[in-house]
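The values are calculated or read from the model by the stated rules, or taken from the named source; none is laboratory data. From a predicted model like this one, the values you see are computed outputs, not experimental measurements. Note that each Cβ is placed from the backbone with ideal geometry, even for glycine, and that neighbours are counted across all protein chains shown. Calculation scope for accessible area: heavy atoms of the full protein, side chains included, ligands and nucleic acids excluded. Shrake-Rupley method; radii C 1.70, N 1.55, O 1.52, S 1.80 Å.
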Amino acid sequence: GDTYPRACRCGLSLLLLASLVASDGHGLSEEAPMSDVEIMAQALYSCRNLSKRRLKKVDLSLFQKLLDLERDHDVPQAFRGMTLAKGCIESGYTSGIRGDCKENQCKALGFIQLWPWSQRFGVDRTDPVASVRFLLKRVQVGLKGSLSRKCPGVKGQLNRFRIAWLRINRGPKRHGKQRCEGMPHGLRRLQQWQRNIRRIRARQ
């Protein structure tokens, strides 16, 4: 949902208000970019894969590091928070969790459930920062590489970013054809957080 647990709501509201007022002296408009505080609040309290028990163990400094990595890798404002949204649905922010298991063999590992192919690049899949840095670098490689040739019908900065993310996330091909449409894991969750933030702003 778009509300926070009663015990945390007051403190979060104060933090959010301070962030909004500090930005321009009057507070952000409904359509202004999401702040780090807003994104982290959604990541904590609107992640269905995060239990109340594990909520207390979440490292907010890690969240901030991942948002800083997004900034360093030129993630468009429309996709700010993508790494937290992906971490939410893939692992519930758990670094050692395994997934995509079949017959006791698991291919995916870690915060964003990277597959073994990523190890060719020397990535420690149990390290959330290293995993996210790898993901963002590969998205940029895709944008600057063969995306225009492989997916010539994809136009516009945001669509290109979405497809570059999708191709790293779910593979460059589907049924033998280039994967040039679809939604990467985490994007729908991020869009829900964005809607939640707009509703919260509208009530303030």
Quiz item: Counting pairs of alpha carbon atoms under 8 Å apart in space and at least six apart in sequence, what relative contact order in percent does the chain give?
Solution: 21 percent
Self-check item: Simple Cβ-charge dipole of the range 58-179, Lys/Arg +1 and Asp/Glu -1, about Cα centre, in debye nearest 20
Solution: 920 debye
Quiz item: Based only on the alpha carbon positions, what is the Kirkwood hydrodynamic radius of the range 137-204, in angstrom?
Solution: 13.1 Å
Quiz item: Ignoring ligands, DNA and RNA, how do 175, 185 rank by accessible area with a 1.4 Å probe, largest first?
Solution: 175, 185
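Tell me the per residue accessible area of the chain using a 1.4 Å probe; a whole number in Å² is fine. Write out the running numbers ahead of the final one.
Numbers: 11500 Å² over 204 residues.
Value returned for the chain: 56 Å² of accessible area per residue.
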Exercise. Determine the gain in length on full extension of the stretch residue 107-residue 181; use 0.36 nm per residue of separation and subtract their C-alpha separation, reporting nm with one decimal.
Key: 24.2 nm
Exercise. Any chance you could tell me what percent of the C-alpha pair distances in the chain go past 20 Å?
Key: 59 percent
Quiz prompt | Using a Förster distance of 25 Å, the FRET efficiency for residue 117-residue 198 (Cβ separation, nearest 0.05) | solution = 0.10
Quiz item: What angle do you read, to the nearest 10 degrees and between 0 and 90, between the alpha-carbon axis of helix 187-203 and the longest principal axis of the chain?
Solution: 10 degrees
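Can you work out D for the range 22-118 in µm² s⁻¹ from Stokes-Einstein, where Rh is the Kirkwood radius over C-alpha pairs, the temperature is 20 °C and the viscosity is 1.002 mPa s?
Answer, rounded: 144 µm²/s.
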Quiz item: How large is the helix-only mean residue ellipticity at 222 nm for the chain, computed as the sum of -39500 (n - 2.57) over DSSP H runs with n ≥ 4, divided by its residue count, in deg cm²/dmol to the nearest 500?
Solution: -16500 deg cm²/dmol
Self-check item: Area of residue 197 that stays accessible when all protein chains are in place (1.4 Å probe, Å², to 10)
Solution: 10 Å²
Practice problem: At 0.36 nm per residue, minus the direct Cα-Cα distance, what do residue 51 and residue 144 gain on full extension? Give it in nm, one decimal, please. | Solution: 29.6 nm
Quiz item: Can you give the angle from 0 to 90° between the axis of helix 157-170 and the longest principal axis of the chain, with both taken from C-alpha atoms, to the nearest 10?
Solution: 60 degrees
Practice problem: Grab the other residues whose beta carbon is less than 9 angstrom from that of residue 85, score K and R as +1, D and E as -1, and report the net. | Solution: +3
Quiz item: What's the local net charge at residue 182, with K and R +1, D and E -1, over the other residues with C-beta under 9 Å away?
Solution: +3
Practice problem: Averaging sequence separations of C-alpha pairs under 8 Å and six or more residues apart, then dividing by the length of the range 30-106, give the relative contact order as a whole percent. | Solution: 36 percent
Quiz prompt | Rounded FRET efficiency, nearest 0.05, which uses the C-beta distance separating residue 100 from residue 61 and R0 of 25 Å | solution = 0.30
Quiz item: Against the longest alpha carbon principal axis of the chain, how many degrees, from 0 to 90 and to the nearest 10, is the axis of helix 128-144 turned?
Solution: 60 degrees
